[in-house]
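The values are calculated or read from the model by the stated rules, or taken from the named source; none is laboratory data. Not measured: the values here are computed from a predicted model. Cβ coordinates were reconstructed from backbone atoms using ideal geometry, including for glycine residues, and neighbour counts include every protein chain displayed. Ligands, DNA and RNA are stripped out before the accessible areas are found, and what is left, the full protein with its side chains, is counted by its heavy atoms. Shrake-Rupley method; radii C 1.70, N 1.55, O 1.52, S 1.80 Å.
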Amino acid sequence: VSLVSPTSSCTEQEKSSLLQLLAGLSQDGDLTTSWRHGTDCCTWEGITCNQDRKVTDVSLASRGLEGPISPFLGNLTGLLRLNLSRNLLSGGLPLELVSSSSILVLDISFNRLTGGLSELPSSTPARPLQVLNISSNLLTGILPSTTWEVMKSLVVFNASSNRFTGQIPTTPCVSAPSFAVLELSFNQLSGNIPSGLGNCSVLKLLGAGYNKLSGTLPDELFKVTSLEHLSLPNNWLEGALDDISKLINLVTLDLGGNELSGNIPESIGGLKRLEEQGQLCKPVQSKKTRSSFQ
């Protein structure tokens, strides 16, 4: 008869990295009741480990956490999913998390984070990040251009409801073959809808409403037949919608509050999957003075 040795606990490095997060918080949501020295961090609230006792998940959504996000979370070498959404976290988004060599899903939405997204050099080894949700924060600056070159597994990027300026990035369309969701609504983005979006061959959702986008919808956009949701309301977009029927998989379409012209093409009736059509009419006032829309 052989006795199986008792399961070991998480490493001291991982325990220390988690406690660094706790130590920096001004409100910890009562995590201290389970996050204690001398105990196995795999048993702590919000923590999941794999069979090798490495931390794979930190799930602390809606806990009332206040304070900065510790960069030491980047030392969790087996971390796959980090969810700190719907808290009161402040400060910047640590580069150690965006550049992690293990994290697949990073969700820090609905917080009070400030600052911008740092650029990662194109020489950085490919990162495994698949979902980056930084929506509903106070982030500013221009969206990175080179960072996406190393995000070759990116599927979802949601940066809506922030204060980003500049233009819509198109690098993920080339770098990440599975890139499917680009949500940038409620920012301060300007310029034209980039023709580079035509390289997003599997894009399913494009949202960039309530920005300052101008110009016409590029011909290349109508080649992205994978699009199911197109939402660009309340911008300064112009031109006609003659080619909209080429987007044969559209389920929802919202182009209201722009300065589009011409007739709505009869061929839009051929979009068999279309379930919801937002307003397509012109704004009540000009883009210089408008404050409300039809």
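Quick check on region 2-23. Is at least one of its residues part of a loop (DSSP other than H, G, I, E, B) and under 22 Å from residue 137 (Cβ atoms)? Spell out the reasoning first.
As a first pass, look at region 2-23 and keep what is part of a loop (DSSP other than H, G, I, E, B): 2-11.
Narrowing further to those that are under 22 Å from residue 137 (Cβ atoms): none.
No, region 2-23 contains no residue that is part of a loop (DSSP other than H, G, I, E, B) and under 22 Å from residue 137 (Cβ atoms).
Could you identify the single residue in 257, 269, 239 that is among the small types (Gly, Ala, Ser) and open to solvent by 50 Å² or more (accessible area, probe 1.4 Å)? Walk me through how you get there before you give the answer.
Numbers: 257 fails: open to solvent by 50 Å² or more (accessible area, probe 1.4 Å); 239 fails: open to solvent by 50 Å² or more (accessible area, probe 1.4 Å).
269 is the lone residue from the list that is among the small types (Gly, Ala, Ser) and open to solvent by 50 Å² or more (accessible area, probe 1.4 Å).
Identify all residues within region 34-55 that are assigned to a helix (DSSP H, G or I) and either open to solvent by 60 Å² or more (accessible area, probe 1.4 Å) or among the basic types (Lys, Arg) (or both); write none if there are none.
Taking region 34-55 as the starting set, the residues that turn out to be assigned to a helix (DSSP H, G or I) are 41-43.
Result: 43, single match.
Given region 182-250, what strands (runs of 3 or more DSSP E) lie entirely inside it while holding 1 or more residues that are more than 20 Å from the chain's Cα centre (by Cα)?
On the way: elements: 190-192, 205-207, 212-216, 229-231, 236-239.
Output list reads 190-192, 212-216, 236-239.
Please state which of the following conditions residue 109 fails to meet, knowing it meets all the rest: (1) open to solvent by less than 20 Å² (accessible area, probe 1.4 Å); (2) among the hydroxyl-bearing types (Ser, Thr, Tyr); (3) more than 12 Å from the chain's Cα centre (by Cα).
Checking residue 109 against (1) open to solvent by less than 20 Å² (accessible area, probe 1.4 Å); (2) among the hydroxyl-bearing types (Ser, Thr, Tyr); (3) more than 12 Å from the chain's Cα centre (by Cα), the one that fails is (3).
Before we move on, is residue 22 under 26 Å from the mean Cα position of the chain (by Cα), surrounded by 14 or more Cβ atoms within 10 Å (Cβ to Cβ), within 25 Å of residue 93 (Cβ to Cβ) and not basic (Lys, Arg)? Break it down into steps so the answer makes sense when it comes.
Values: under 26 Å from the mean Cα position of the chain (by Cα): yes; surrounded by 14 or more Cβ atoms within 10 Å (Cβ to Cβ): yes; within 25 Å of residue 93 (Cβ to Cβ): yes; not basic (Lys, Arg): yes.
Yes, satisfied.
Residues checked against (1) within 23 Å of residue 14 (Cα to Cα); (2) at pLDDT 95 or above:
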| residue | (1), (2) |
| --- | --- |
| 66 | yes, yes |
| 70 | yes, yes |
| 76 | yes, yes |
| 88 | no, yes |
| 94 | yes, yes |
| 108 | yes, yes |
| 125 | no, no |
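Going by the conditions given, is residue 99 modelled with pLDDT under 95, under 27 Å from residue 120 (Cα atoms) and within 16 Å of the chain's Cα centre (by Cα)?
Working: modelled with pLDDT under 95: yes; under 27 Å from residue 120 (Cα atoms): yes; within 16 Å of the chain's Cα centre (by Cα): yes.
The answer is yes for residue 99.
Identify the residue in region 71-96 that is within 19 Å of residue 28 (Cβ to Cβ) and assigned to a helix (DSSP H, G or I) and, among all such residues, is most open to solvent (accessible area, probe 1.4 Å). Talk me through it step by step, then tell me what you get.
Applying the first criterion (within 19 Å of residue 28 (Cβ to Cβ)) to region 71-96 yields 71-73, 76, 82-91, 94.
Checking the rest, the ones that are also assigned to a helix (DSSP H, G or I) come to 71-73.
Numbers: 71: 57, 72: 89, 73: 1 Å².
Among those that are within 19 Å of residue 28 (Cβ to Cβ) and assigned to a helix (DSSP H, G or I), it is 72.
Can you tell me which residue in region 113-134 is surrounded by the most Cβ atoms within 10 Å (Cβ to Cβ), limited to those that are in contact with an Asp or Glu (Cβ under 9 Å, 6 or more places away or on another chain) and part of a strand (DSSP E or B)?
Checking each candidate, the answer is 132.
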